[in-house]
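The structure appears below as structure tokens.
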């Protein structure tokens, strides 16, 4: 019953388009929890269709067509599947690179990925590149960075998965950034802090909206 009520609250947030209801102000962790509750209720039969729509609009975009090197995470859990993007990039002879977390500094290093055998289970049970078997990429050479996130606003600000890894990486990142977002992940307003860096583009199941 509690989970169902949280889902109803998140749906009301979507309808009114803000992160306040009455006198209550929702923090980033609370919004993240609410969204995961909503995500879990999404019919599993709908997920492949939604993902196919997100991928199609990405592959049709000029930013994808022009990119020679693409940075992307290997999705896990409830995240939108990124394997088709990785494999599409390989088939088009793009350079695909994945991040490895550096927990002490909360930084990211991106490594070229040529096949899945170059991954190992690392921090937070993430599959990440094996540094000894991969080529370290300079951030300036990543033409398109596909940035993960939980909840977004229309300006590209996002609530991520904690730690501020991507905000640090995006500092002085000179090239294009995009996030793949379902409409239920979009709110009119979310908590934004001074160090947050928005993504330049948002692609939803309805197309490019930013």
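Which of the residues that make up the range 174-184 are buried (at least 17 other Cβ atoms within 10 Å of the Cβ) and at pLDDT 85 or above? Quick ask: steps written out before the conclusion?
Of the range 174-184, the ones buried (at least 17 other Cβ atoms within 10 Å of the Cβ) are 176-182, 184.
Across the range 174-184, the qualifying residues are 176, 177, 178, 179, 180, 181, 182.
Taking the residues in the range 48-81 that are part of a loop (DSSP other than H, G, I, E, B) and in contact with a strand residue (DSSP E or B) (Cβ under 7 Å, 6 or more places away or on another chain) as candidates, determine which candidate is surrounded by the fewest Cβ atoms within 10 Å (Cβ to Cβ). Break it down into steps so the answer makes sense when it comes.
Pass one, the range 48-81, residues part of a loop (DSSP other than H, G, I, E, B): 61, 67-68, 72-81.
Narrowing further to those that are in contact with a strand residue (DSSP E or B) (Cβ under 7 Å, 6 or more places away or on another chain): 61, 67-68, 72-74, 80.
Details: 61: 18, 67: 22, 68: 13, 72: 23, 73: 20, 74: 19, 80: 19.
Step by step, filter the range 48-81, then rank; the result is 68.
What number of residues within the range 119-148 satisfy the criterion of being outside any loop (DSSP other than H, G, I, E, B) and either touching a strand residue (DSSP E or B) at 6+ places or on another chain (Cβ under 9 Å) or more than 22 Å from residue 174 (Cα to Cα) (or both)? Quick ask: steps written out before the conclusion?
So in the range 119-148, the residues outside any loop (DSSP other than H, G, I, E, B) come out as 119-121, 123-125, 127-129, 131-133, 136, 139-141, 144-146.
The next check asks that each one be either touching a strand residue (DSSP E or B) at 6+ places or on another chain (Cβ under 9 Å) or more than 22 Å from residue 174 (Cα to Cα) (or both); those that pass are 119-121, 123-125, 127-129, 131-133, 136, 139, 141, 144-146.
Residues in the range 119-148 being outside any loop (DSSP other than H, G, I, E, B) and either touching a strand residue (DSSP E or B) at 6+ places or on another chain (Cβ under 9 Å) or more than 22 Å from residue 174 (Cα to Cα) (or both): 18 in total.
Hey, residue 132 hits all of (1) under 28 Å from residue 48 (Cβ atoms); (2) free of Cβ contacts under 8 Å to residues at least 12 places away in the same chain but one; which does it fall short on?
(1)
Checking residue 169 against (1) modelled with pLDDT under 90; (2) more than 23 Å from residue 88 (Cα to Cα), only one condition comes out false. Which one?
(1)
Filter the range 82-108 for residues that are out of contact with any strand residue (DSSP E or B) (no Cβ under 7 Å at 6 or more places or on another chain), modelled with pLDDT under 95 and exposed (fewer than 15 other Cβ atoms within 10 Å of the Cβ) and give the result.
103, 104, 105, 106
If you check residue 203 against the conditions, is it over 21 Å from residue 84 (Cβ atoms) and touching a helix residue (DSSP H, G or I) at 6+ places or on another chain (Cβ under 8 Å)? If you could, list the steps in order and put the result at the bottom.
Values: over 21 Å from residue 84 (Cβ atoms): no; touching a helix residue (DSSP H, G or I) at 6+ places or on another chain (Cβ under 8 Å): yes.
Spelling it out, it is not the case that residue 203 is over 21 Å from residue 84 (Cβ atoms) and touching a helix residue (DSSP H, G or I) at 6+ places or on another chain (Cβ under 8 Å).
Listed residues 146, 130; which is within 27 Å of residue 198 (Cβ to Cβ) and modelled with pLDDT of 95 or more?
Details: 130 fails: within 27 Å of residue 198 (Cβ to Cβ).
Of the residues listed, the single one that is within 27 Å of residue 198 (Cβ to Cβ) and modelled with pLDDT of 95 or more is 146.
Conditions first: (1) closer than 18 Å to residue 80 by Cα; (2) touching a residue at least 40 places away in the same chain (Cβ under 8 Å). Residue 142 passes all but one, so which condition is the exception?
Of (1) closer than 18 Å to residue 80 by Cα; (2) touching a residue at least 40 places away in the same chain (Cβ under 8 Å), only one is false for residue 142: (1).
Can you pull out every residue in the range 149-175 that is in a helix (DSSP H, G or I) and in contact (Cβ under 8 Å) with a residue 60 or more places away in the chain?
Of all residues in the range 149-175, those in a helix (DSSP H, G or I) come to 165-170.
Within the range 149-175, 165, 168, 169 meet the criteria.
Taking the range 109-118 as the region of interest, how many residues are outside any loop (DSSP other than H, G, I, E, B) and either at pLDDT below 95 or more than 20 Å from residue 163 (Cβ to Cβ) (or both)?
In the first step, residues of the range 109-118 are kept if they are outside any loop (DSSP other than H, G, I, E, B); the result is 109-112, 116-118.
This time we only want the ones that are either at pLDDT below 95 or more than 20 Å from residue 163 (Cβ to Cβ) (or both), so: 112, 116-118.
So the count comes out to 4.
Taking the stated definitions as given, is residue 206 in contact with a strand residue (DSSP E or B) (Cβ under 8 Å, 6 or more places away or on another chain) and surrounded by fewer than 18 Cβ atoms within 10 Å (Cβ to Cβ)?
Spelling it out, it is not the case that residue 206 is in contact with a strand residue (DSSP E or B) (Cβ under 8 Å, 6 or more places away or on another chain) and surrounded by fewer than 18 Cβ atoms within 10 Å (Cβ to Cβ).
The values are calculated or read from the model by the stated rules, or taken from the named source; none is laboratory data. All values derive from a computational prediction rather than experimental measurement. When we count neighbours, we look across all protein chains shown, and the Cβ atoms used for this are built from the backbone with ideal geometry, even at glycine.
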